[in-house]
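Structure first, then comments.
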Amino acid sequence: QGKADVFVRATVSNPSPYQGEVVTVTYKLYTSNVYQWQADDVKLPQQTDLWTYRLDDPNAKLKENTETIDGKRYSVYEIYKTAAAPQKSGTLSITPLSLNMTMLTGSGFWATPTEKHIQSNTVTLNVKALPKQGKPDDFSGLVGKFDLTSTLSPTEINVNDAADFTGTLSGKGAIQLADIPEFNFPSSFDVTDPIIDDNVTTSG
């Protein structure tokens with residue numbers, strides 16, 4: 001049996017985003033010559049000036065894949081994944097993810113327990129400021145690709161009858177940071193407070 005080798009690697013989908021642009025930060029555990037393992041005292045990465053939204057399910061069973069690095073085969077587990085949107089420009093650092101790992105090296109009768117503290121590399125973002133030319137005066141800071149549509153049902157009503165007006169903001173980005181759009185209705189209309197529904201998917 002070879003010597004046990006374990007480490008956590010952090011990667012970012014785009015290390016040089018614009019301010020407000022969403023990037024994905026992924027943390028993977030690599031193990032080689034490890035029969036069984038268990039992690040505890042997990043300290044998740046911390047950051048300032050970043051909006052984050054966890055993408056993985058903390059209660060789901062970890063899926064195992066394999067990768068070969070410098071001729072050595074590793075079992076690979078994605079242990080944490082988050083979306084992050086920097087809220088200011090400049091250099092932003094995300095602290096490492098760390099954990100204590102109890103593992104069995106070898107297999108069967110010859111398996112031996114080992115404990116080890118490991119942590120990932122630090123993720124650094126070089127965040128670019130948004131261009132000033134052409135910036136709208138009422139720009140909210142939301143970055144991404146979005147569409148705003150509206151519907152009215154029914155479109156013809158009698159006095160004192162009600163109709164449903166629906167405004168839908170959809171797209172890709174940190175949509176949870178969006179301000180509720182303002183719609184201006186004629187003063188002769190009675191308007192109730194809006195009902196807000198969110199439907200956020202995290203694939204990709």
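With the whole protein complex present, Ile195 retains an accessible surface near 150 Å², based on a 1.4 Å probe. Between the listed residues Leu104, Pro45, Asn121, the Cα displaced farthest toward the positive end of the dipole of the stretch 1-148, a dipole computed from Cβ unit charges relative to the Cα centre, is found at Asn121. Take the chain with all the other protein chains still there, run a 1.4 Å probe, and you get 71 Å² of accessible area per residue.
One entry in [x] 16.0, 55; [y] 17.9, 53; [z] 24.3, 84 is Rg and Dmax of the Cα atoms in Å calculated from the shown coordinates; its label is [z]. Stretching Thr68 away from Lys3 to a fully extended chain increases their span by 21.8 nm, per 0.36 nm per residue minus the current alpha-carbon distance.
Structure note, pairs Lys43/Lys172; Lys28/Lys88; Lys81/Lys132; Lys28/Lys116; Lys88/Lys135: Cα-Cα distances above 23 angstrom occur for Lys43/Lys172; Lys28/Lys88; Lys81/Lys132. Given their separation in residues at 0.36 nm each and the Cα-Cα distance between them, Ser16 and Thr168 gain 51.7 nm when the chain is fully extended.
Under Stokes-Einstein, with the Kirkwood radius over Cα pairs standing in for Rh, what whole-number D in µm²/s applies to the stretch 1-73 at 25 °C and 0.890 mPa s? The estimated diffusion coefficient comes to 161 µm²/s. Overall, the accessible surface of the stretch 45-163 at a probe of 1.4 angstrom is composed of carbon and sulfur to the extent of 47 percent. Which parts of the stretch 18-41 would a label at Lys116 reach, counting a residue when its backbone N lies under 17 Å from a point 7 Å out along Cα-to-Cβ? Backbone N within reach: 28-41. Between Thr192, Thr149, Thr66, the Gaussian network model of the chain with springs among Cα atoms under 10 angstrom shows the greatest mean-square fluctuation at Thr192.
A Förster radius of 45 Å, combined with the Cβ-Cβ distance separating Asp193 from Leu130, puts the computed FRET efficiency at roughly 0.85.
The values are calculated or read from the model by the stated rules, or taken from the named source; none is laboratory data. Quick caveat, the model's predicted, so the values are computed rather than measured. Neighbour counts run over all protein chains shown; Cβ positions are idealised from the backbone, glycine included. Areas reflect the complete protein model, heavy atoms only, side chains present, ligands, DNA and RNA absent. Shrake-Rupley method; radii C 1.70, N 1.55, O 1.52, S 1.80 Å.
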